[in-house]
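Single-structure report; data block below.
Every number here is computed from the coordinates shown, using simple stated rules; none is lab data. This is a predicted model, so every value here is computed, not measured. Cβ atoms come from the backbone with ideal geometry, glycine included; neighbour counts cover every protein chain shown.
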Amino acid sequence: MAADTREHQQPNELPKGVVIGKDGKPCRSCTSKRDFSSWAQMTKSSLKSGAGSTGAATGAVVGASTAAAAASTFSQTPTTDDCPADVETLGRSTWTLLHSIAATYPKTPSVSQQSDLKTFMGVFSRLYPCWVCAEDFQRYMEKDHIQVGSRDEFGKWLCEAHNAVNVKLGKNTFDCSKWEERWRTGWKD
Ligand code: FAD
């Protein structure tokens, strides 16, 4: 289900893994910090190598100053925590929120609580900042309808949805019989 963001590249111009956003610029929340930094470094290097040339067209100069601003913004701070979220930071934080919602969802939810959760997840799947992830998640929800009948139902559905992303990204899957230990009760001794 999840888009492997590595599939959405511009091979001739961008380093592997850099995803272009709908605005035509590299999409920070769709790209890992490492790949984004490579792009920034590449942009900086190409600017340096072109700096001595003469007779640059106006358009190129405008493009270069935009790229220089981006390079100086992103390439200097790849290890600090107070940067805009990359695809991994955003993903980890989001899974924490979603699994925590599952953990606090009632065992026997009312009709309106079930409706709220469905609405929330539908809106979430359209607003998620990594657009390639969002589109794949929407497709997953169309194919594998959300289960909101109880805490356990939703927790397991979410765990399977997360596993589908794990598989797509080549990661290990999680044992969904343990989702509550991971996200609600804590691990048994
Ligand atoms: P995460 O996958 O973020 O998991 C965090 C923690 O959750 C883990 O440490 C583990 O303890 C626990 N966990 C793992 N699997 C499960 C499970 N199945 N059930 C319960 N708990 C579990 N990234 C992309 O590159 N491309 C995508 O298309 C993409 N789509 C995404 C779609 C959504 C809806 C979300 C929320 C994230 C998406 N991501 C995507 C991000 C990706 O899933 C990871 O969050 C990111 O790669 C960081 O991974 P991580 O290894 O730190 O652990």
(message) For the pairs K48/K168; K22/K178; K22/K48, flag any whose C-alpha to C-alpha distance is greater than 30 Å.
(response) K48/K168; K22/K178
(request) First select every other residue whose beta carbon is under 15 angstrom from the beta carbon of K143; then total the charges, Lys and Arg +1, Asp and Glu -1. (result) -3
(request) Between F174 and Q41, take the C-beta separation as r, use R0 = 41 Å, and let me know the FRET efficiency to the nearest 0.05. (result) 0.75
(request) Would you mind calculating the gained length between C83 and E135 on full extension (0.36 nm times residue separation, minus the Cα-Cα distance), in nm to one decimal? (result) 16.3 nm
(request) Would you please give the residues with an amide H less than 5 Å from that of I20, counting only those at least 5 places away or on a separate chain, with H modeled from the backbone geometry? (result) C27
(request) Work out how much length R34 to D116 would gain on full extension: take 0.36 nm times their residue separation and subtract the Cα-Cα distance, in nm to one decimal. (result) 25.8 nm
(request) Determine, from the Cβ-Cβ distance of R182 and V123 and an R0 of 35 Å, the FRET efficiency 1/(1 + (r/R0)^6), rounded to the nearest 0.05. (result) 0.85
(request) State the extension gain, in nm to one decimal, for the chain segment bounded by D152 and K107, taking 0.36 nm per residue of separation less the distance between their alpha-carbons. (result) 15.5 nm
(request) Considering Cα pairs under 8 angstrom that are at least six residues apart, work out the relative contact order of segment 76-176 and quote it in whole percent. (result) 29
